[in-house]
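Participant: Below you will find the structure I want to go over with you.
The values are calculated or read from the model by the stated rules, or taken from the named source; none is laboratory data. Please read all numbers here as calculations on a predicted model, not as lab measurements. In this analysis, Cβ positions are derived from the backbone assuming ideal geometry, glycine residues included, and neighbour counts consider all displayed protein chains.
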Amino acid sequence: MVTPERLRELAAAPDPRAGLTNLLFVSPGEGVTDLLLIRHAQIDSTMLTDDLVLTELGREQAEVLAQNLSHGKLHAIYASPTARAQETAEPLARVHTVEVEIVEDLRDLEQRRPMDRPFPEMLVEVYGPEEGPKRLQRMQAELRFDVISELLEPSDSFRGRVTAAIEGIIEAHPGQRVAIVTHAPVIMAYVATILGSPRDFPMNPKLTSITRVLAKDGRRTLDYLNATPHFEMR
């Protein structure tokens with residue numbers, strides 16, 4: 001059977017015909033910050049609180065994630081201030097014997113009213129029976145927060161605080177491997193910023209999914225998106 005170490009060697013094998021792309025994109029190596037953006041695990045949505053914690057299944061997801069990321073050193077682990085992000089980060093921090101550092105601006109997209117009912121119903125309540133369905137159609141077509149600005153934090157301010165927080169972490173860890181445990185909108189916003197996309201929803205992050213960014217000298221390369229290798233059978 002192929003060992004995990006050998007699998008990593010096979011994955012990192014050089015591509016002799018990638019001369020041009022190697023010039024255009026950041027690759028792992030000296031001075032490169034290896035950033036892992038991780039979405040939190042499953043939450044208990046039945047709780048009567050705004051700061052939701054993980055379910056038993058979610059805690060298991062977090063443990064499996066930590067086991068998968070046990071190879072290679074994580075120099076720092078950051079998390080959103082929410083319980084679900086911190087609980088997801090805890091097993092990872094235990095494996096790598098580092099403290100979880102909390103960054104306020106990694107918090108989730110702010111909601112201007114409770115999202116406690118089916119989304120189409122809320123749109124009808126806010127925009128009316130005719131305009132509500134149209135707003136949903138626009139959201140599906142444009143994939144932008146600002147289409148429903150009465151309900152959500154504006155895109156510019158959200159992207160601004162998220163990008164500033166993540167770039168600050170990159171700047172603090174040149175040449176190191178770092179994990180950020182946060183929320184789907186945070187990951188989507190940073191990916192959209194790197195891609196220069198007007199869409200706030202460039203992807204749909206799975207629970208405990210990993211999005212890897214390689215950073216050096218102001219350059220940012222998306223190495224992979226929305227990956228869950230920890231749930232794949234070997």
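Participant: Mind telling me which of the residues THR211, THR193 ends up being within 28 Å of LEU23 (Cβ to Cβ), in contact with a helix residue (DSSP H, G or I) (Cβ under 7 Å, 6 or more places away or on another chain) and surrounded by fewer than 19 Cβ atoms within 10 Å (Cβ to Cβ)?
Facilitator: The unique qualifying residue is THR193.
Participant: Select, from GLU131, GLU101, GLU87, the only residue that is in contact (Cβ under 8 Å) with a residue 24 or more places away in the chain and either surrounded by fewer than 15 Cβ atoms within 10 Å (Cβ to Cβ) or not in a helix (DSSP H, G or I) (or both).
Facilitator: Values: GLU131 fails: in contact (Cβ under 8 Å) with a residue 24 or more places away in the chain; GLU87 fails: either surrounded by fewer than 15 Cβ atoms within 10 Å (Cβ to Cβ) or not in a helix (DSSP H, G or I) (or both).
Going through GLU131, GLU101, GLU87 in turn, just one is in contact (Cβ under 8 Å) with a residue 24 or more places away in the chain and either surrounded by fewer than 15 Cβ atoms within 10 Å (Cβ to Cβ) or not in a helix (DSSP H, G or I) (or both): GLU101.
Participant: I'm trying to understand the selection: among the residues of the stretch 175-226, which are assigned to a strand (DSSP E or B), under 26 Å from PRO91 (Cβ atoms) and basic (Lys, Arg)? Break it down into steps so the answer makes sense when it comes.
Facilitator: Taking the stretch 175-226 first, the residues assigned to a strand (DSSP E or B) are 177-182, 210-216, 219-226.
Cutting the leftovers down to under 26 Å from PRO91 (Cβ atoms) gives us 177-182, 210-215, 222-226.
Scanning the stretch 175-226 gives ARG177, ARG212.
Participant: Exactly one of (1) modelled with pLDDT of 95 or more; (2) outside the structural domain of GLN86 (by TED's automatic domain parsing); (3) over 30 Å from ARG94 (Cβ atoms) is unmet by ALA164. Its number?
Facilitator: All conditions are met except number (3).
Participant: Exactly one of (1) at pLDDT below 95; (2) more than 18 Å from the chain's Cα centre (by Cα) is unmet by GLU110. Its number?
Facilitator: (2)
Participant: May I pose another question? Only one of ALA215, ALA184, ALA227, ALA179 is of a type in the set (A, V, I, L, M, F, W, C), farther than 25 Å from ALA12 by Cα and at pLDDT 95 or above. Can you tell me which?
Facilitator: ALA184
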